[in-house]
Each structure stands twice: as structure tokens, then as C-alpha cells.
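No value in this document is a laboratory result; all are computed from the given coordinates. Please read these numbers as outputs of a predicted model, since none were measured by experiment. Here the Cβ positions follow ideal geometry from the backbone for every residue, glycine too, while neighbour counts run over all protein chains shown.
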Amino acid sequence: MDFKSFVFYFFSTILVLASLRVITARNPVHAVLFLVLAFVSGGGIWLLLDAEFLAMTLILVYVGAVMVLFLFVVMMLDINLDRLREGFWSYLPLGATVGALMALEMGVILGGSYLNLFESSVPSAASESNVKAIGRLIYTDYVYPFELASVILLVGIVAAIALTGRKRKPTKAIDPARQVLVKASDRLRIISMPAEKKE
């Protein structure tokens with residue numbers, strides 16, 4: 001087994017184990033840390049396939065989105081942050097382990113490509129980058145699935161806005177067209193009343 005196969009199986013094992021821990025962990029902080037580790041391992045596999053753009057997109061978009069979503073959920077659920085801070089040191093061993101694994105994965109990928117330990121299995125033209133190749137495939141061979149995915153995302157956005165939108169309260173704004181049409185007789189009425197008698 002060559003070095004590239006070893007790295008693939010190493011990343012795949014970490015990815016599968018981290019994915020299992022995401023759904024079996026009872027603590028949401030642990031689940032998010034394992035999810036970040038799973039995304040980084042998936043990004044390492046993409047790097048092995050010479051798809052640097054997809055790997056960086058996976059890490060930047062998904063890891064960033066997951067952490068922002070987690071913080072949003074924590075703020076929406078009104079969790080007592082003082083109690084979370086009390087157990088900060090109990091999360092340190094797991095966080096350090098996950099961080100060390102991610103650093104090790106990145107070191108293996110970057111060191112292996114620097115030392116030319118990986119043989120490129122996908123031939124690519126010297127003048128064509130990954131981004132250009134992905135764009136060409138998306139807008140030629142996979143244009144219909146891409147359009148379908150964009151329509152589904154648009155429907156999801158509209159549905160989210162419709163579900164979260166509230167009815168607007170009636171405003172007390174004045175309509176200028178109705179003000180122009182007003183006559184003095186509609187606003188002022190003179191009434192003739194008998195004078196009061198003094199006793």
C-alpha cells in the first residue's frame with residue numbers, strides 16, 4: 001500500500017468515526033466539534049483528489065456556517081452561558097484532540113504534496129485551473145441539475161421568509177390623495193344653538 005492510499009484510509013476512518021460521534025454524542029458542543037472534524041477530513045480527501053477549490057469551499061463554507069448556526073441556536077435557546085463557562089476545562093481534552101487531528105491531517109496533506117509523495121491520478125491541463133474546470137462542467141454537462149438545485153434553494157429562501165414574516169401593523173400614515181379631496185363642509189359644521197338663560 002502506497003502513502004496516498006494510507007492517507008486516504010486514514011482520513012476515511014476519521015471521517016466515519018467523527019460522523020458516528022456527531023449523531024451519538026449527547027453534548028451539542030461535542031457533536032459540533034466532531035462535525036468540524038468530519039468536514040476537515042472530507043476536505044483532506046478532496047485535496048487527495050486534486051480538487052483544492054472544493055476542499056477549501058467545504059472547510060470555509062461548512063465549518064463557518066456550522067459554527068455560526070451553533071452560536072445562533074445557543075442564543076435563541078437562551079442557554080445559561082455561566083454554566084457553560086463552568087465546564088470549559090472539561091471540553092479542553094476533546095477540543096485539543098480534535099485540533100491535533102486536524103493539524104495532523106493538514107500537515108500530512110501539505111507535507112506530502114511538498115515532498116511529492118502523491119502522484120496525480122487526474123490529468124489536468126496546465127492552462128486550466130480547478131475553478132475553470134468546475135465552472136465548465138457545471139454550465140455544460142450539469143446545467144440542468146445546477147438549475148434545479150438553484151430553484152430548490154430559491155423555494156427554500158421564499159418559504160423561510162414566508163414562515164418567519166409577520167403581518168405588518170396598520171400604520172397611521174395619512175393618504176395625500178384623500179386630503180386633497182376633502183371639502184371644508186366635511187370638516188366643519190356650524191350648529192345654531194340657543195343661548196343659555198341666566199337665572
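Show me the ranking of peptides 137-143, 179-185 by mean Cβ neighbours inside 10 Å, starting with the highest.
Going from most to least packed, we get 137-143, 179-185.
What ranking do 144-153, 30-39, 45-54, 6-15 get when scored by the average of other Cβ atoms within 10 Å per residue, highest first?
30-39, 45-54, 6-15, 144-153
Tell me, what HN-Hα J-couplings in whole Hz come from the Karplus equation 6.51 cos²θ - 1.76 cosθ + 1.60 at θ = phi - 60° for each residue of the stretch 141-146, using x for Gly and Pro?
For the stretch 141-146, the Karplus curve yields 6, 10, 5, 5, x, 5 Hz.
Answer rounded, prolate or oblate for the stretch 124-164, using the Cα gyration tensor with square roots of eigenvalues a ≥ b ≥ c: rounded when a/c is under 1.5, else prolate when a/b is larger than b/c, else oblate.
It comes out prolate by the Cα gyration axes.
Could you calculate the contour length gain from Ser192 to Ala177, that is, 0.36 nm times the residue separation minus the distance between their Cα atoms, to one decimal place in nm?
Separation in residues times 0.36 nm, less the Cα-Cα distance, equals 2.2 nm.
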